[in-house]
1. How far apart, in nm, are two points set 7 Å out from the Cα along the Cα-to-Cβ line at residue 51 and at residue 33?
2. Report the relative contact order of the chain, percent, no decimals, based on alpha-carbon pairs under 8 angstrom and at least 6 residues apart.
3. With a 10 Å Cβ neighbour count serving as the proxy for reagent exposure, in which order, fewest first, do 72, 7 appear?
4. Could you work out the mean projected area of the convex hull around the alpha carbons of the chain, in square nanometres to one decimal?
5. List residues of region 11-27, by number, whose backbone nitrogen lies under 20 Å from a label position 7 Å along Cα→C-beta of residue 61.
């Protein structure tokens, strides 16, 4: 189980990735398109990623909305589904 610091880091990464893809997770949750449990699962999945530093670098390099998440992102399926709605 990830520690609190690890979980917090990955929660930020999930939120930043969603935002970079043009997804407002709070808005999606209010509209019933994603649950808090699904977001929690996304964060937990992210904690298992071996490339968080690459993710942080990729996110920092984006100059606007990105068309898709990097190929190594464990939450691509969720993000794609939320963008399609």
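No lab work stands behind these numbers, since they all come straight from the coordinates. The structure presented is a predicted model; accordingly, all values stated were derived computationally and were not measured. Every residue, glycine among them, receives a Cβ derived from its backbone with ideal geometry; neighbour counts consider all protein chains shown.
1. A separation of 2.5 nm, rounded to one decimal place.
2. 42
3. Ascending number of Cβ neighbours within 10 Å: 72, 7.
4. Spelled out: convex hull of the Cα atoms, projected over all directions, averaged, 5.3 nm².
5. The answer is 13-22.
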